[in-house]
Amino acid sequence: MAQVPDVDVAGFSGTAAAAVLWNGGGGSFSFTTGGTIGCVGIDLTDNQTSTACTVSASGSFTNIVCGTGIATGVAIVNETGGDSHTVNFTIVFVAGLGVEVGTVPPSAGIVQITPTNLTPPNPNAPGDGQCTPGFTVTDISAIAG
């Protein structure tokens, strides 16, 4: 009989540090929940559950316009019950909303990003300059593993 994997659902919010331009560019980002957050982990092989975890991630992004682009990276989800997942992911954002697809283990989620300390565009050079030094990130993801 095939083994049934554990299934985890994490809903979390945190801060991603990334200097993002109004138009173009790219760079690296880092993310943390800043503490233990609510998530639900259900291991179907032994019926254990977890109700809290921490999430951290880092990677790179390509920006089209502030809030629209692609991010790739690695996230680490540590459950209070001891389970841990390292997920390689890609997120495609459009106007601050994104779809996350992960591999190893498979995952999928919906992500919303909101700029922190939004800098208005330069009226003399629209599109130039920094849009934001980072984002507040809200995510809900399912991880099979």
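The values are calculated or read from the model by the stated rules, or taken from the named source; none is laboratory data. Only a predicted model underlies this, so the values are computations on that prediction, with no experimental measurement involved. Reconstructed Cβ throughout: ideal geometry from the backbone, glycine too, with neighbour counts over all protein chains shown.
Numerical summary
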read-out: The range 92-145: number of residues that are among the hydroxyl-bearing types (Ser, Thr, Tyr) and touching a Gly at 6+ places or on another chain (Cβ under 7 Å); value: 4
read-out: Only listed residue being in contact with a Cys (Cβ under 9 Å, 6 or more places away or on another chain) and either at pLDDT below 85 or of a type outside the set (Val, Ile, Thr) (or both), chosen from Pro133, Pro121, Pro105; value: Pro121
read-out: Criterion (surrounded by 19 or more Cβ atoms within 10 Å (Cβ to Cβ) and among the β-branched types (Val, Ile, Thr)) met by exactly one of Val99, Val104, Val111, Val92; value: Val111
read-out: Search result, residues across the range 97-129 that are within 13 Å of Ala71 (Cα to Cα) and among the hydrophobic types (A, V, I, L, M, F, W, C); value: Leu97, Val99, Val101, Val111, Ile113
read-out: Condition met for Ser28 (touching a Ser or Thr at 6+ places or on another chain (Cβ under 9 Å), in a strand (DSSP E or B) and at pLDDT below 90); value: no
read-out: Restricting the range 77-89 to residues that are crowded, with 21+ Cβ neighbours inside 10 Å and either of a type in the set (Gly, Ala, Ser) or closer than 30 Å to Cys131 by Cβ (or both), the residue that is modelled with the lowest pLDDT; value: Val77
